[in-house]
Amino acid sequence: MEEIRDNLLAHVAEAEREGWLGEVERLTVSLAGAEDKLAQIDRQSQKATIILGMPTTRSGDVE
């Protein structure tokens, strides 16, 4: 996804240099989508996994 974003950035720069205003707009919308997806992936990867382990019984708990 980062490669796609970087590619879109390069294409936006080229379109701006060439004066392709419609293409700049289209690429900017795609770029925003790619950046949103990267942010979503980043948020998901930051969620911590909690390992609870195997439950055990104590001798006093069993009737």
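Is one or more of the residues making up segment 53-60 modelled with pLDDT under 95, open to solvent by 90 Å² or more (accessible area, probe 1.4 Å) and small (G, A, S)?
Yes, segment 53-60 contains a residue that is modelled with pLDDT under 95, open to solvent by 90 Å² or more (accessible area, probe 1.4 Å) and small (G, A, S).
Is it the case that some residue within segment 2-12 is out of contact with any Pro (no Cβ under 9 Å at 6 or more places or on another chain), open to solvent by 90 Å² or more (accessible area, probe 1.4 Å), assigned to a loop (DSSP other than H, G, I, E, B) and not charged (D, E, K, R)?
Within segment 2-12, not a single residue is out of contact with any Pro (no Cβ under 9 Å at 6 or more places or on another chain), open to solvent by 90 Å² or more (accessible area, probe 1.4 Å), assigned to a loop (DSSP other than H, G, I, E, B) and not charged (D, E, K, R).
Considering only residues of segment 14-50 that are over 20 Å from M1 (Cα atoms) and exposed (fewer than 10 other Cβ atoms within 10 Å of the Cβ), which is modelled with the lowest pLDDT?
Looking at the filtered set, the residue picked out is A48.
The values are calculated or read from the model by the stated rules, or taken from the named source; none is laboratory data. This structure is a prediction, so every number in the text was calculated from the model and none was measured. Cβ: placed from backbone, ideal geometry, glycine included. Neighbour counts: every protein chain shown. To get the accessible areas, we keep the full protein, side chains included, count just its heavy atoms, and leave off ligands, DNA and RNA. Shrake-Rupley method; radii C 1.70, N 1.55, O 1.52, S 1.80 Å.
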